[in-house]
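Every number in this text was worked out from the coordinates using simple rules, so none of it is lab data. If you're wondering where the values come from, they're calculated on a predicted model, not measured in any experiment. Please note: Cβ atoms are built from the backbone with ideal geometry, for glycine as well, and neighbour counts cover all protein chains shown.
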Amino acid sequence: MYLRLSEEQKMVQNTIRRFVENELMPLEFEVLKNEREGKPGLSEEKQKELQLKAKEFGFWGINTPEEYGGADLGQMMMAIVFMEVSKTFVPFRFGGSADNILYYANEEQKKKYLIPTINGDKKSCFAMTEPDAGSDTRNIKMTAVKDGNEWVLNGEKTFITGGNEADFVMVIAVTDKERHQKTGRDGVTCFIVDRDMGWTSEYIDTMGEWGPASLVFDNVRVPEENILGEIHGGYKLGLEWIGFARWVVGARAVGTAERLLQMAIDYAKERETFGRPIADRQAIQWQIADSAVEIEAAKWLVLNAAFTLDQGEDNRHLAAMAKLNGAIMGNKVVDRVLQIHGGMGYTRELPIERWYREARLWRIYDGTDEIQRMIISRNLLKGHVKIGQYV
Ligand SMILES: Cc1cc2nc3c(=O)[nH]c(=O)nc-3n(C[C@H](O)[C@H](O)[C@H](O)COP(=O)(O)OP(=O)(O)OC[C@H]3O[C@@H](n4cnc5c(N)ncnc54)[C@H](O)[C@@H]3O)c2cc1C
């Protein structure tokens, strides 16, 4: 075992760091200003321009298979990249990517949805959550009823990321009520539904700088050929979509917390009270020390989750741990860093309060803290995973 990045990984880390420092961080002031005026932090044109710039640095389709023109960096490299890119709050998204489950598309669907999404010509979103079914995904009610060569969809989805901007949604609906009621998992199907087939979306205002959407399906007719993957096999796709992002939340928390901690260290050395820098006070030093320890621990969990998947092993247990621990760590660190900045931390002159609000979401989406704990304890209690199994 060698607990250091390889030369290649270090090179990727340095390159993404240069991109973030040279291209993204200089935009921070402008992003804050735009957001405070109620506009998106980055315009679509700017987002595209930055994506092409990132492409010049070699970051295009970072998780996209090479046959689709991507870099297919692998999980460890992605962890490294996400940690670096999360050192800024500039809402940059890499170009050349598509949702993991869209690769289950058949050849026709790939031409119509996957390729245009990778090329940035179409935007997608994924909709599982409903007003009465969040953590309890087995409780979804949206129905899809067959009528000739079409399926008729009725119901509501909520909290859908990108739902206001998407050209199409991958939506989970009940196609066999009896089977669904009996098993909770079977009997639901994933449909690809274009916006112009008739679903509508409405912005949900949140404490973050962007809002998800609620989606309404009122007798939306979807052709049979728009089923993604297997009929009645939608639950598995849903879990796969949610599972992908899980450890990435931990990676994001690590990158953000590292940047915030550096801000706290710099400020503590500068800010004087009672004739001495606050960095001289044990109360401040301990907050810095605790944050550093927690960040380091969270980083190793994230890297282990990513490494395990790269080995072709099941990483769901570790991903749940990386997500739970990372999200909690991120919230603790941002709170301490705000505290160390005193009144300034609470102002909108600095981005700390923005991160404070953003970090709160990490403990909720892609499975709440409580759901991660449920997964971890269930794996242990049922013997699916043994204590100390991985190292
Ligand atoms: C900004 C944002 C973006 C999102 N994006 C998407 C998206 O793109 N697509 C999508 O499908 N969904 C999305 N979601 C939905 C998200 O995954 C759910 O909000 C989340 O899973 C929690 O579900 P809920 O809000 O219904 O809370 P509930 O499930 O109602 O839970 C309420 C509380 O009870 C706790 N709880 C629930 N069950 C248990 C239990 N068995 N034991 C102990 N405690 C429990 C929860 O942890 C929580 O604290 C998004 C949510 C937000 C806020």
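Observations on the structure shown:
- Here is the figure for the stretch 356-368: residues that are within 15 Å of the chain's Cα centre (by Cα) and either more than 8 Å from the ligand (Cβ to nearest atom) or charged (D, E, K, R) (or both) total 6.
- Selection over the stretch 190-242 of residues that are part of a loop (DSSP other than H, G, I, E, B), away from the ligand (no atom under 15 Å from the Cβ) and not β-branched (V, I, T) gives a count of 4.
- Counting only strands (runs of 3 or more DSSP E) that fall entirely inside the stretch 74-187 and contain at least 1 residues that are closer than 22 Å to Y203 by Cα, the qualifying elements are 124-127, 150-160, 168-174.
- The stretch 107-152: number of residues that are away from the ligand (no atom under 15 Å from the Cβ) and hydrophobic (A, V, I, L, M, F, W, C): 7
- Residue check, E353 without any contact (Cβ under 8 Å) to a residue 40 or more places away in the chain, over 17 Å from S291 (Cα atoms) and in contact with a Phe, Trp or Tyr (Cβ under 9 Å, 6 or more places away or on another chain): yes
- Near pairs, Cβ below 6 angstrom, 6+ apart or cross-chain, from the stretch 359-371 (farther than 22 Å from R259 by Cβ) to any residue that is in a helix (DSSP H, G or I) and more than 6 Å from the ligand (Cβ to nearest atom): D369/L324
- Filtered by the rule that a residue be buried (at least 16 other Cβ atoms within 10 Å of the Cβ), touching a Phe, Trp or Tyr at 6+ places or on another chain (Cβ under 7 Å) and either among the β-branched types (V, I, T) or without any contact (Cβ under 8 Å) to a residue 12 or more places away in the chain (or both), the stretch 189-215 gives I192, V193.
- Which listed residue, of G162, G187, G155, is away from the ligand (no atom under 15 Å from the Cβ) and on the phi > 0 side of the Ramachandran plot: G187
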